[in-house]
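A short reminder: the numbers here are calculations on the coordinates, not readings from a lab. Worth saying up front: this structure is predicted, and the values here are computed from it rather than measured. As a convention, Cβ positions derive from the backbone with ideal geometry for all residues, glycine included, and neighbour counts pool all protein chains shown.
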Amino acid sequence: MNAIAVDEPVPARVSFELPAELEASVPPEARGLTRDAVRMMVAYKAEARLVHSTFTDLPRFLDPGDLVVVNTSGTLAAELDTVAPDPAATSVHLSTQLPAGLWVVEIRRAGGPYLDARPGWVLDLPDHGTVEILAPYEHSNGRLWIAKLQLTQPLLTYLAVHGRPIRYGYVRGSWPITMYQNVYANEPGSAEMPSAGRPFTPEVITRLVAKGVVIAPLVLHTGVSSLEAHEPPYAERYRVEPQTAHLVNDTHRRGGRVIAVGTTVVRALETVTDERGHVHPGEGWTETVITPERGVRAVDGMLTGWHEPEASHLDMLETIAGRDLVEISYRAALAEGYLWHEFGDVHLILP
């Protein structure tokens, strides 16, 4: 573990080229590592300082009385093969479950999204299932559609038999759904893994608790990501229970730090935080987008993965860490060979 002093100027905005060799193409386990052995860069905002470590050392960087908030949404096997009116459309991604049995879906072709779907299309799924395309989903530029599913089994059973985890072109091989689940996940509903929490193991959680760090849950079911277009996040379902809201408020009253595990946790907590910084329990749909102009009120730091160039999540990081520290962190991550994406390394931002 070594520290780096930060004193050089930074560019005006977060922008970089991601070399292909820094895209994590297989899980850490396939690289001979345990989940918690991935690399972790710790970035201190107040000191403008970076420390290189591994995730297994997380308890060393947190203090008794700190609160770690995790998203316990579980990952669905949300990719299904399909036969569409156009043979170029080869699969469908289930993104977000809507009321009245409807879904937001993304139709895929080899190498990317399929953008030429039409209302009224019926796509055939395995075992006589169907997806009926009803209407474009707003603000998605033709990428997402509102659809009706007809399945021959209950959803989770059907996906367990016929579905597979959503994966993108940088991933080599097919991996079981267990590789896309966080160890604390207990409520299936996410199209893609809330991946900042992937390095957690029972051993790391035990050491955190033994040190006096409190861990609290919430739920936010993720939709499909927007790697191709870098669109702002869409509306997502969330739930913050009264006990978690109380723990956040109590932690701040006692002078502790609230550390969000992933962008989903930040989004959910900020949705239920009032202008005085008081967190309330709540559930429903959030359209909150975290930007430097908006600011954050509930979160003091966060654990996150490494995000794509120009991705909208970088606005959230800038809000919490400040532009300079984000620029410096990403410059160091590129120079030191950190790995990107859900099977990659992580970034811990502390006040």
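Give me the compactness ratio for the stretch 241-313, meaning the Cα radius of gyration over 2.2 N^0.38 Å. Before the final figure, lay out each step's value.
Values: Rg = 12.4 Å, N = 73, 2.2 N^0.38 = 11.2 Å.
With N residues counted in the stretch 241-313, Rg over 2.2 N^0.38 Å equals 1.11.
Once you place label points 7 Å from the Cα toward the Cβ at Glu29 and Val183, how far apart are they in nm?
Between Glu29 and Val183, the simple spin-label model gives 1.2 nm.
Can you tell me what the convex hull of the Cα atoms of the chain projects to on average, as an area in nm²? Walk me through the intermediate numbers first.
Details: hull surface 69.4 nm².
Its average projected convex-hull area is 17.3 nm².
Can you give the FRET efficiency for Lys211 and Arg172, using 1/(1 + (r/R0)^6), R0 = 45 Å, r = Cβ-Cβ distance, to the nearest 0.05?
On the way: r = 37 Å, r/R0 = 0.83.
For Lys211 and Arg172, the calculated efficiency is 0.75.
If eta is 0.890 mPa s and T is 25 °C, what Stokes-Einstein diffusion coefficient results for the stretch 37-196, Kirkwood Rh from Cα pairs, in µm²/s? Don't skip to the end; give the middle numbers.
Values: Rh = 18.0 Å.
D = 136 µm²/s.
Let me know the charge dipole size of the stretch 251-321 about its Cα centre in debye, to the nearest 20, where only the beta-carbon of Lys, Arg (+1) and Asp, Glu (-1) is charged.
On the way: 7 positive and 11 negative charges, 103 e Å.
Taking the Cα centre of the stretch 251-321 as origin, the dipole is about 500 debye.
Test of understanding: in a Gaussian network model of the chain with alpha carbons linked when under 10 Å, which of Gly32, Gly129, Gly197 would top the mean-square fluctuation ranking?
For the chain, modelled as a Gaussian network with Cα springs under 10 Å, the answer is Gly32.
Using alpha carbons only, how many degrees (0 to 90, rounded to 10) separate the axis of helix 202-211 from the longest principal axis of the chain?
30 degrees
Considering only Glu308, Glu138, Glu327, give the residue with the highest GNM mean-square fluctuation for the chain, with springs between Cα atoms whenever their separation is below 10 Å.
Answer for the Gaussian network model of the chain: Glu138.
From the phi angles alone, apply the Karplus equation (6.51, -1.76, 1.60; θ = phi - 60°) to the stretch 29-34 and give each ³J(HN,Hα) in whole Hz, x where the residue is Gly or Pro.
3J(HN,Hα) across the stretch 29-34, in whole Hz: 4, 7, 9, x, 10, 7.
Hey, what's the Cα Rg ratio for the stretch 217-351 versus the globular rule of thumb, 2.2 N^0.38 Å? It would help to have the intermediate numbers written out before the result.
On the way: Rg = 14.8 Å, N = 135, 2.2 N^0.38 = 14.2 Å.
Relative to the rule-of-thumb radius for its length, the stretch 217-351 sits at 1.04.
Place a +1 charge on the Cβ of each Lys and Arg in the chain and a -1 charge on the Cβ of each Asp and Glu, then give the dipole magnitude about the Cα centre in debye, rounded to the nearest 20.
On the way: 29 positive and 44 negative charges, 135 e Å.
With Lys and Arg at +1 and Asp and Glu at -1, about 640 debye.
Using a Förster radius of 45 Å, what is the FRET efficiency between Asp127 and Glu17 based on their Cβ-Cβ separation? Nearest 0.05, please.
For Asp127 and Glu17, the calculated efficiency is 0.55.
For the stretch 29-95, which GluC sites (Glu not before Pro) are both in a DSSP coil and crowded by at most 16 other Cβ atoms within 10 Å? Show your work: numbers first, answer last.
Details: sites: Glu29, Glu47, Glu79; in loops: Glu47.
Counting only loop positions with at most 16 other Cβ atoms within 10 Å, the GluC sites (Glu not before Pro) in the stretch 29-95 are Glu47.
How would you classify the stretch 141-183 from its alpha-carbon gyration tensor, with a ≥ b ≥ c the square roots of the eigenvalues: rounded for a/c under 1.5, else prolate if a/b is greater than b/c, otherwise oblate?
Judged from the Cα gyration tensor, the stretch 141-183 comes out oblate (a/c at least 1.5, b/c at or above a/b).
From Cα pairs below 8 angstrom and at least 6 apart in sequence, can you work out the relative contact order of the stretch 283-348, rounded to a whole percent?
Details: 55 pairs, mean separation 28.2, N = 66.
Value for the stretch 283-348: 43 percent.
Nearest 0.05, what FRET efficiency do Val161 and Glu47 give at R0 = 45 Å with Cβ-Cβ as r? Walk me through the intermediate numbers first.
Details: r = 52 Å, r/R0 = 1.15.
Efficiency at R0 = 45 Å is approximately 0.30.
Quick one: angle between helix 242-253 and the longest Cα principal axis of the chain, in degrees between 0 and 90, rounded to 10, please.
30 degrees
Where in the stretch 9-62 are there trypsin sites (Lys or Arg not before Pro) that are in a DSSP coil and have at most 12 other Cβ atoms within 10 angstrom of their Cβ? If you can, show how the numbers build up before the last one.
Working: sites: Arg13, Arg31, Arg35, Arg39, Lys45, Arg49, Arg60; in loops: Arg13, Lys45.
In loop regions of the stretch 9-62 (DSSP not H, G, I, E or B), the sparsely surrounded trypsin sites (Lys or Arg not before Pro) are Arg13.
Which of the trypsin sites (Lys or Arg not before Pro) across the stretch 248-324 are loop residues per DSSP, with 14 or fewer other Cβ within 10 Å? Kindly include the intermediate steps, with their values, before the conclusion.
On the way: sites: Arg253, Arg254, Arg257, Arg267, Arg276, Arg294, Arg297, Arg323; in loops: Arg254, Arg257, Arg276, Arg294, Arg297.
Sites meeting the loop and neighbour criteria: Arg254, Arg276, Arg294.
Rounded to two decimal places and with Rh computed the Kirkwood way over Cα pairs, what is Rg over Rh for the stretch 132-262? Let's see the in-between values first.
On the way: Rg = 18.1 Å, Rh = 17.9 Å.
So for the stretch 132-262, dividing Rg by the Kirkwood Rh gives 1.01.
Taking the C-alpha atoms of the stretch 79-162, how large are the radius of gyration and the largest Cα-Cα span, Dmax, in Å?
Expressed in Å, the Cα Rg and Dmax of the stretch 79-162 come to 11.7, 32.
Debye calculation, C-alpha points only, no solvent: report log10 I(q)/I(0) for the stretch 161-234 at q = 0.21, 0.25 Å⁻¹, in the same order as the q values.
Log-scaled intensity ratios, in q order: -1.08, -1.30.
Quick check: convex hull over the Cα atoms of the stretch 311-351, volume per residue in Å³, rounded to an integer?
Numbers: hull volume 3.0 nm³, N = 41.
Once divided by residue count, the hull of the stretch 311-351 is 74 Å³.
Just for the chain, what percent of DSSP beta bridges are antiparallel, to the closest 5? Don't skip to the answer; put the middle values down first.
Values: 50 of 70 bridges.
Around 70 percent of the beta bridges assigned by DSSP in the chain are antiparallel ones.
Any idea which of Gly129, Trp340, Leu269 is furthest toward the positive side of the dipole for the chain, if Lys and Arg beta-carbons carry +1 and Asp and Glu beta-carbons -1?
Leu269
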